[in-house]
Amino acid sequence: MEPRYKLISREKVLEAHAFDVERIIFQLPDGKQRTYDLVDHANAVTLLPIDRQGNVYFVTQYRLGAEALVLELPAGVMDEGEMPVETARRELREEIGMDCRELISLGGMYMVAGYSNEYMNLFLASDLLPSPLEQDEDEFLTLSIIPIRQVFKMVREGVIQDGKTLCALFLAQPWLLKKYPDLLAD
């Protein structure tokens, strides 16, 4: 028999620009009640864009949590009512100025399930073609185009530290290894 968790109450305690915070009281399987804070964040997408030459398109942007510029795959928050595929195509065009002929779902993941409900949808975008959209006004992105073999070397060396980027690269490996059999060779 599965342990039983019961929601007792849920109250919004902070409404912020990018997320809200809710105070949640749960009854645990042992009958005791605990209070948790939940970051209520819109779902999002991350894209692994790869061109016909085997180059991956990255963006670098300042990330407050890291207090540094972070090299990462293009990503963005889903607008209300938007499907993940729609968000993926929009973000691809906004962040790297490209669209794609093939968009493959790699699955998804909860970003930090211990305290947030944000679900990240992961995609591989291939057969890229120019199709720019204007970037968001608060985004200052630098584009980097890196050969796929070098990307995995950068992962092994700890250069790439963004979690959603690492997860997308891991989930794309079966597809990538078919196209680039010696991908993981040093």
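Worth pointing out:
- Only residues that are among the β-branched types (Val, Ile, Thr) and out of contact with any strand residue (DSSP E or B) (no Cβ under 6 Å at 6 or more places or on another chain) were counted in the range 5-58, giving 0.
- In the set Met111, Met154, Met120, only one residue is aliphatic (A, V, I, L, M) and more than 26 Å from Arg52 (Cα to Cα); that residue is Met111.
- Filter result for Gly31 (under 18 Å from the mean Cα position of the chain (by Cα), among the small types (Gly, Ala, Ser) and surrounded by fewer than 17 Cβ atoms within 10 Å (Cβ to Cβ)): no
- Hits in the range 42-99 - residues which are over 27 Å from Glu15 (Cα atoms) and of a type in the set (A, V, I, L, M): Leu47, Leu48, Ile50, Val56, Val59, Leu71, Leu73, Val85, Leu92, Ile96, Met98
- Check on Asn55, surrounded by 12 or more Cβ atoms within 10 Å (Cβ to Cβ), over 30 Å from Asp182 (Cβ atoms) and of a type in the set (S, T, N, Q): no
Read the figures in this text as sums done on the coordinates, not as results from a lab. Note that this is a predicted model, so its numbers are computed, not measured. As a convention, Cβ positions derive from the backbone with ideal geometry for all residues, glycine included, and neighbour counts pool all protein chains shown.
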